[in-house]
Amino acid sequence: MIKLPSVFSSGALYQQNSVLNIRGTSCGAVEAVLSSDTIFSSSVAEPVSDGSFTLTLSTPAASLSPYTITLTDRGDNSVLTLDNILFGELWLASGQSNMELQNLSIDTCEEYLDSIIDMPIRIYYQNVLANKPFDDSDLALPMPIEPTDILEGKWCDPSDRQSVMEISAVATAFAKRLYQLYKQNGQEIPVGFLNSTIGGTRIEAWLPIEDIDDDDESAVGNVVKPAPETWNTFEGGNFQQTTALYNLKIHPLRGVKTAGVLWYQGESNIGRPQSTERYKRYLNRYHNTYSKLFAAKKDFPMVMSLLYPYPYGNSGECRMTCINNAMSEMARDNIDRFLAVPIHDLSPIWGYEPCYHPIHPTNKYPLGERMAEALWNRFTAPTLKSVEANGNKLLLTFDNLDGELTICGNRLRGLYIRGEGTEYLEAEGTVVDGDKLCVWHKHISAPVHAAYQAISLSLGGNLFGRHLAVAPFATEDPHNLIIQGKPWLFTDKNHEWFTFSNGPADSNPNIFMHPVWQPIGDCELCTDPVFKRTDASLRLCGETSIFGAYVKSRPYNDLDLQNYAELHFTLLNAAAVSERGGSVRAELHFVSEQNGEYILTRYAERISEPKWGWAKFRIVFGTLPDDKITRLALVFDTASHPYKFVNIDELSLVPKLSETAGQTLNTDPTDLSAATPISSH
């Protein structure tokens, strides 16, 4: 009697114009015939001593017509028939929880799944960790230390709504969009994927033992490589052991060929020393190993989603950029094998009500469709190529723009620069010659490094190539990179994606849009697109002569004002707070174990004459205590002035060690006469 792994069963979709290596056990020689109206291919295989066999069938071109595979065991004359078999484009969808995130987790899933009900899409729905419905206790199950075929699954299609609700939303959207692209091109090609995912796993768990470095450490414990004496001793972390998921979930799929891999993983690899180079090394090995195992042809793309902003590490740490750099650089240097798809420009919405987690944004349908578009057009995220210093400016060049570089919006956002020994500040910038970016900050006279979309919770990056957002990058080692966001310096909007969490250890992080500036007392506060110096100003109106607004220190947006010498800003109704007894002051709220809560006050001075009601002011911080600053308040006293309001605009911080206070720096982006390379990627 013939027995086959469940990946070889009725209702399947296999890769077109390739081969299918059917594995199983039998009593005697096995004959296989692949047929529709006529026989397309056939094969005979003898079992080896343990009764196992492997036979190879050639597969036809894609078609909506179903095929049948008939297997006959010549040992006992039993027959096994696999019917309703389609051939088309088959993909492996793998990774951790963001690839695993199910359709049922998306609020629009019913409508989306209705839209694919008649499409020729097939999914191999692999069991998670055991051949039973998954529950959390499965995480402590013993994992195989050697490759095994014990894990099963089943083939399904969109008509099986219950099963499809439980498979990858990203891969579902990818399959839908890829089918549509083929159809728009005049081709009816069925599309399918092997759904092999589980959350909380590092890339090392998906690799065979021969791909693991001798000095590698496991995600749980300090296991160098799988060893019998320590294997399966990690309780709820057994599934995370190095090689465990390759042994359990990938090995049973061998024999099936695919067009490539969809990969969404990396969150669990964040924070490792040298994680950028390590992750690049393992990506390369992953591709080499999986192409040998699954590639239907030489072209075997690995379409990778970059990671979404989330508070990884301690406040200010930019650990996410380690993995994003690794993926985008691999794609830049090996576009024939890797494609990197950025996602920081997608909506950050997440399903908080059913107790999901903000590390799992539910933007999976646009992401899956974007991955299909990237594959179809063979474009990858534009990636930093080189950096040149030019006086007080940096000139950045990019690969894979596929057209001109574009700043979406009125000004560049999300790109930070620093000078030698100074903090990172958000830069201004403009596109030069269509494909280069010139950046500067008016208080940084000699910038040496740049970082884009690197802050853990930053959603502001607005650099785009023709098709995709520019990939996050950092010109210095992102593992040691610290950048504190300063959204309160920008008055064109008064909301930001904030958290009250201190990192992934918080089981219930509060990550939503929160106000940036908040009024003090009865003060009214709003953004003002009419009276402004930039895109919009912040307008404060008081019911009494004294009013104000404040910003809080938040994780990843610390008020680290000890690192800065001055705060500059421009005020409308300047005369009200600088004449006839009026004033502007900053109140800095501190807290420490020794001193408790206390406030220090710094008064502003006007540094320009009022013009059309506007004037420039500055606050000199002087020497500030090292205690944590919890709040910065700006308090305005209009004294006897009839108008009880101010508009705040053009806020900027002057770093300590800066030599630019009172200077006018060259911000002409066309003046690049002194460009000097400082980094080449």
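Residues in the stretch 524-572 average 38 Å² of solvent-accessible surface per residue, probe 1.4 Å, ligands and nucleic acids excluded.
Seen from residue 70, the other residues with C-beta closer than 11 Å to its C-beta sum to a net charge of -2, counting Lys and Arg as +1 and Asp and Glu as -1.
For residue 298, the lysines whose Cα comes closer than 25 Å to its Cα, not counting residues fewer than 8 places off in the same chain, are 176, 183, 249, 257, 280. Using the Cβ-Cβ distance between residue 35 and residue 114 with R0 = 30 Å, the FRET efficiency computed as 1/(1 + (r/R0)^6) comes to roughly 0.30. Taken over the alpha carbons of the stretch 453-576 as equal point scatterers, the Debye sum produces base-10 log I(q)/I(0) values at 0.09, 0.14, 0.17 Å⁻¹ of -0.35, -0.80, -1.10. With kT/(6 pi eta Rh) evaluated at 20 °C and eta = 1.002 mPa s, and Rh the Kirkwood radius from Cα pairs, the stretch 581-654 diffuses with a coefficient of 152 µm²/s according to Stokes-Einstein.
Using Cβ point charges alone (K and R +1, D and E -1), the dipole size of the chain about the Cα centre works out to roughly 1080 debye. Structural descriptor for the chain: relative contact order 10 percent, calculated from alpha carbon pairs under 8 angstrom and at least 6 residues apart. Would you tally the net charge around residue 300, using a Cβ to Cβ cut-off of less than 11 Å, leaving residue 300 out, and scoring K and R as +1, D and E as -1? It works out to a net charge of +3. Within the assembled protein chains, the solvent-accessible surface assigned to residue 91 is about 10 Å², based on a 1.4 Å probe. At a 1.4 Å probe radius, carbon and sulfur cover how many percent of the accessible area of the chain? Roughly 48 percent, rounded to a whole number. Computed over the stretch 394-453, the percent of Cα pairs more than 16 Å apart is 43.
For the stretch 300-345, the solvent-accessible area works out to 17 Å² per residue, with a probe of 1.4 Å and every protein chain left in place. For the peptides 157-163, 576-582, the ranking by mean Cβ contacts within 10 Å, running from highest to lowest, is 576-582, 157-163. Residues 145, 349, 189, sorted by accessible area with the largest first, give 349, 145, 189 [1.4 Å probe; ligands and nucleic acids excluded].
Summed over the residues of the stretch 1-112 and divided among them, the accessible surface reaches 40 Å² per residue at a probe radius of 1.4 Å. So which lysines pass the test for residue 486, namely a Cα distance under 22 Å, with those fewer than 8 places away in the same chain ruled out? Candidates past the 8-residue exclusion: 393, 442, 532, 552, 616, 628, 656. A simple count of charges around residue 130, restricted to other residues whose Cβ falls under 10 Å of its Cβ and scoring Lys, Arg +1 and Asp, Glu -1, yields -2. Our compactness index for the stretch 231-322, the C-alpha radius of gyration over the empirical 2.2 N^0.38 Å, is 1.26. Anisotropy class assigned to the stretch 53-127 is prolate, per the alpha carbon gyration tensor with a/c at or over the 1.5 cut-off and a/b larger than b/c. Secondary-structure-derived ellipticity at 222 nm for the chain, considering helices only, amounts to -3500 deg cm²/dmol, per-run term -39500 (n - 2.57) for DSSP H runs with n ≥ 4. Calculated from the structure at hand, Rg/Rh (Cα atoms, Kirkwood Rh) is found among (i) 1.06; (ii) 1.00; (iii) 1.33 as (i).
The values are calculated or read from the model by the stated rules, or taken from the named source; none is laboratory data. Values in this document were obtained by computation on a predicted structure and should not be read as measured data. Backbone-built Cβ (ideal geometry, glycine too); neighbour counts: all protein chains shown. Side chains included, ligands, DNA and RNA excluded: accessible areas come from the protein's heavy atoms. Shrake-Rupley method; radii C 1.70, N 1.55, O 1.52, S 1.80 Å.
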